[in-house]
Amino acid sequence: AIYELSCEAYKHLGKTSNYYWIDPDGSGALGPLKVYCNMTEDKVWTTVYHDLQMQTSVGGNSLEKLSVLQLNYSATMDQISAITSSAEYCEQFISYSCKMSRLLNTPEGNPYTWWVGKANEKHYYWGGSGPGIQKCACGIERNCTDPKYYCNCDADYKQWRKDTGMLSYKEHLPVSQVVVGDIDRPGSEAKISVGPVRCQGDRNYWNAASFVTSSSYLHFSTFQGETSADISFYFKTSASDGVFLENLGNTDFIKLELKSATEVSFSFDVGNGPVEIIVRSPNQLNDDQWHRVNAERNVKQASLQVDQLPLEVRKAPTEGHTRLELYSQLYVGAAGGQRGFLGCIRSLRMNGVTLDLEERAKVTPGVKPGCSGHCTSYGMYCANGGKCVEKYNGYSCDCSKTAYDGPFCIKDVGAFFEEGMWLRYNFHSPGTSMKDLVSRTLLSSTDPETTAPDLSLSKEELSFSFSTTKSPCVLLYISSYTQDFMAVLVKPSGNLQIRYSLGGTKEPYNIDVDHRNMANGQPHTVNITRNGRDIVLQLDHYPPTSYSLPTSSDIQFNSPKALFLGKVIEIGKIDQDIYKYNTPGFTGCLSRVQFNQIAPLKAALRPTNASSHVHIQGELVESNCGASPLTIPPMSAATDPWHLDSASADFPYNGQAIGDGVNRNSAIIGGVIAVVIFTILCTLVFLIRYMFRHKGTYHTNEAKGAESAESADAAIMNNDPNFTETIDESKKEWLI
């Protein structure tokens, strides 16, 4: 299998945070390793765990002068080094809690404790400090408990103190060992915590060059691939052909090229005559999208793969030459008068080494460092109206005009509302004149001179999801400086009602959804679109339903003022039903609320430019309990090439490891409890048999199917077809 080179590559396949296999040196000697990829809005973190549990105790009247704590990682040191060397930044948390146990013995003594990093080097600085500085974080920041020392623990207090911080000099990471001293005195105790090693960014993945003329090229030193060659890169072009790279010998050569809009060729000669492997794609490869090429050659065979297309393999002859002898420079792009590649090449790796295309391109005419147009390839991953933002080394999704966040704008932003709590979003900023409406563009007004009393909407889009068990209530209400309003209500029956009052009618226009109870504690989605007189309502994943305002109704929503969630607190006359439903208020969850381009809940929970528009009564607690459930079934493990079975995820350290001693103790306690329960059950059986010994025969109403049921609960469920149980993951109750 071909694994991605880094977590950065998985993000650009649209993958979310999870465990993944990565292969930092391609098909080199290191082999793949399993890591946790944390995809945040603007960064991708690669995390490698170890088996040392947090707060590991050392000392406590120990007779040993030194205690050595070994950290065993879920990867080899070479594999971790490959990650740290290509990363932009790495860090590892380290903590020393102490009671009469000195740490670095500052200001001038020899350290009692040190840690061992890459290449088995000892280091005498602590988290929050740097190489060559024998201080802890408090010594750097000058806030140690005792200012005479550079570490809190060096003051040798009888009370617990601690020194913590991040080790971030990546050339020294990861921590492989911690050696603790000063634990042999009576009363000396210490606890050590070391976090996983975390790295962010991948300098190799986005190392790119743009070839702007068909005669331009970059040159590098001769490729050393006598017996094995492993070449991988990404390309993007709108041209139909061109040479990617070539290296020549007297008669030997190796070459990769785009032969046509649908063909990639890998050719070489080791002295037995030219060999060419071609991969033909059913789709155009000159579509200005990124495509991956992976070519390998060794003494046994050669292979070529493009994207996820089938691997093309050619066996080597059993006799003949096997060594690839090259002498010229390696040319990337045009070589020997041939038509060179036009477009972008990035992440070019030759036998596990990434060639620095960017640096060479800076001094080469006809070639530009970096590459543009990432959004044309990855923009489709920005969901729910998120906007793709072009970056020098990739892209990001701007979710500011949506009700979502996360790296791909797919994470619902929602909150739990307690009874009596409410949120108001003002469509104009506090303290501004009516003519200075910041929300004008959000409310689709195009006339810059429109004042608030004249501002009107002829169309709206409203979407949100909610869950509640209490009715009646007001979910959402939009007020105005006139008598116009719009409301979404849950009636006493639990049915949903949408209410419009735009003027021209004696009574508001109501859309009643009477055929289903919405106050059942389950998440429900509501999407309402109005364009003039036409209203389209979609509930959950049922087909949309169309409605039309009465002909006498106005179609302009005049002078919108504020949007309310949970309760309506507005001056002036309020519709009688809404007034009744307003007490005691909504209790439950609201999520991803969006009115046109306004996201009031997100404005309240995330610091944005719109936060000044929000007023909250009560404490707003973020929660996804109102988020609509996943309706598209996830890809099965058998068909998802990136699926990792969490049960088989072989991580010694996952979050916080549990030591063998804890497991052993748990097993002993569990065994004792099992014996006690078994004894009680035996006693009960004996008593029951004794009580019924003289009663003669008796009948039972034992459930049919109980004979084959595995338990009493199973028997009840077998017998009662109405026995169902729905578990809402976000609201589990544990009964003990």
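The values are calculated or read from the model by the stated rules, or taken from the named source; none is laboratory data. All values derive from a computational prediction rather than experimental measurement. Neighbour counts run over all protein chains shown; Cβ positions are idealised from the backbone, glycine included. Quick note on the areas: whole protein, heavy atoms, side chains included, nothing else; ligands and nucleic acids left out. Shrake-Rupley method; radii C 1.70, N 1.55, O 1.52, S 1.80 Å.
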Measure off 7 Å from each Cα along the Cα-to-Cβ vector at Lys401 and Asp78, then give the distance between these two points in nanometres to one decimal. 5.1
For region 78-187, listing GluC sites (Glu not before Pro) in a DSSP loop whose Cβ sees at most 14 other Cβ atoms within 10 Å gives Glu88, Glu108, Glu121
Amide H contacts of Leu476 (H built 1.01 Å from N, under 5 Å, at least 5 apart or other chain): Val488, Gly566
For region 207-368, with every protein chain kept in place, what is the accessible area per residue (1.4 Å probe, Å²)? 45
On a full-extension model of 0.36 nm per residue, what is the gain between Ala261 and Thr583, subtracting their alpha-carbon distance, rounded to one decimal in nm? 109.2 nm
Could you do me a favour and compute the accessible area per residue for region 49-108, 1.4 Å probe, result in Å²? 44
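Using DSSP to call loops (not H, G, I, E or B), can you name the trypsin sites (Lys or Arg not before Pro) in region 214-319 whose Cβ has at most 14 other Cβ atoms within 10 angstrom? It would help to have the intermediate numbers written out before the result.
Working: sites: Lys236, Lys255, Lys259, Arg280, Arg292, Arg297, Lys300, Arg314, Lys315; in loops: Lys300.
Counting only loop positions with at most 14 other Cβ atoms within 10 Å, the trypsin sites (Lys or Arg not before Pro) in region 214-319 are Lys300.
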If a paramagnetic tag sat 7 Å from the Cα of Ser240 along the Cα-Cβ line, which residues of region 287-312 would have the backbone N under 14 Å from that point? 287
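Where Lys and Arg each count +1 and Asp and Glu each count -1, what net charge lies around Asn152 among other residues with Cβ under 13 Å from its Cβ?
Neighbourhood net charge equals +2.
Want the number for Glu461 to Thr322: 0.36 nm per residue separation, take away the alpha-carbon distance, what's left? Can you show the working numbers first?
Details: separation 139, 0.36 × 139 = 50.04 nm, distance 6.75 nm.
That works out to 43.3 nm of additional length.
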What distance in nm separates the two pseudo spin-label positions at Leu69 and His219, each 7 Å out from Cα along the beta-carbon direction? 5.5
How much of the accessible area of region 207-368, probe 1.4 Å, is carbon plus sulfur, in whole percent? 47
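Taking 0.36 nm per intervening residue step and subtracting the Cα-Cα distance, what contour gain separates Gln301 from Asp512 on full extension? Walk me through the numbers on the way to the answer.
Numbers: separation 211, 0.36 × 211 = 75.96 nm, distance 6.99 nm.
Residue separation times 0.36 nm, minus the Cα-Cα distance, leaves 69.0 nm.
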How large is the accessible surface per residue of region 163-203, computed with a 1.4 Å probe and reported in Å² as a whole number? 29
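Longer than 28 Å from Cα to Cα, which of Lys411/Lys573; Lys259/Lys300; Lys387/Lys459; Lys236/Lys391; Lys170/Lys255 are they? Say none if no pair is.
Numbers: Lys411/Lys573 38 Å; Lys259/Lys300 25 Å; Lys387/Lys459 23 Å; Lys236/Lys391 16 Å; Lys170/Lys255 36 Å.
Lys411/Lys573; Lys170/Lys255, as the Cα separations exceed 28 Å there.
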Simple spin-label estimate for Gln576/Ile673, 7 Å along Cα→Cβ, in nm, reads 6.0
At a 1.4 Å probe radius, carbon and sulfur cover how many percent of the accessible area of region 484-543? 46
